[in-house]
Amino acid sequence: MIGGYVYRGKKVRALHNLYVFADCFGPGLTNFLGKVWTLRYHDGVASDFMDITSQLFPTRVGGYTLNALTSLGEDANGELYLVDEDVAGGTGVGDVYKIVRSQ
């Protein structure tokens, strides 16, 4: 697990006040595809756990898939970003994705 943020942005209402977190690899160490989840946390209770990876990837523009997720970030407006690295391809090259509302 690489951690996450409570979404406080304004662009994606469905994520408001949800904890968005991720892991760098899928369900095995040979699967170099990141996973992104959300959960609601209130009064010490976590609920509404959801895998949202398929809602984000492949991307609407360009059809990009998520590789090994290396980091999450938050800008001054509370919008969230995902950073990945192409571990399987051996290039070490990665991308930065902003989580945006689906059309």
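Taking label points 7 Å from Cα along the Cα-to-Cβ direction, residue 2 and residue 77 give a separation of 2.3 nm. Charged side chains reduced to their Cβ positions (Lys and Arg at +1, Asp and Glu at -1) give the chain a dipole of some 460 debye around its Cα centre. The residue list 38, 102, 52 was ranked by how far each Cα lies along the charge dipole of the chain toward its positive end, using unit charges on Cβ atoms, and 102 comes out on top. The residues of the chain expose on average 63 square angstrom of accessible surface per residue, using a 1.4 Å probe on protein heavy atoms. Coupling constants for segment 13-22 follow from the phi torsions by the Karplus curve (6.51 cos²θ - 1.76 cosθ + 1.60, θ = phi - 60°), and in residue order they are 4, 5, 9, 3, 6, 8, 7, 9, 9, 8 Hz; glycine and proline get x. With θ taken as phi - 60° and the coefficients 6.51, -1.76 and 1.60, list the Karplus ³J(HN,Hα) couplings across segment 69-83 in order, rounded to whole Hz; mark glycine and proline as x. Going residue by residue, I get 6, 10, 6, 10, x, 9, 8, 5, 9, x, 7, 10, 10, 10, 10 Hz, with x marking Gly and Pro. As a fraction of the 1.4 Å probe accessible area of the chain, surface on carbon and sulfur atoms comes out at 54 percent. Taking every Cα-Cα distance in the chain and sorting them into 10 Å bins starting at zero, the pair-distance distribution P(r) comes out as 15, 48, 30, 6, 0 percent. Computed from the C-beta positions of residue 54 and residue 96, the FRET efficiency with R₀ = 22 Å rounds to 0.65.
The values are calculated or read from the model by the stated rules, or taken from the named source; none is laboratory data. Quick caveat, the model's predicted, so the values are computed rather than measured. Glycine also receives a Cβ, built like all others from the backbone with ideal geometry; neighbour counts cover every protein chain displayed. Just the protein is used for accessible areas: all its heavy atoms, side chains included, with ligands, DNA and RNA removed. Shrake-Rupley method; radii C 1.70, N 1.55, O 1.52, S 1.80 Å.
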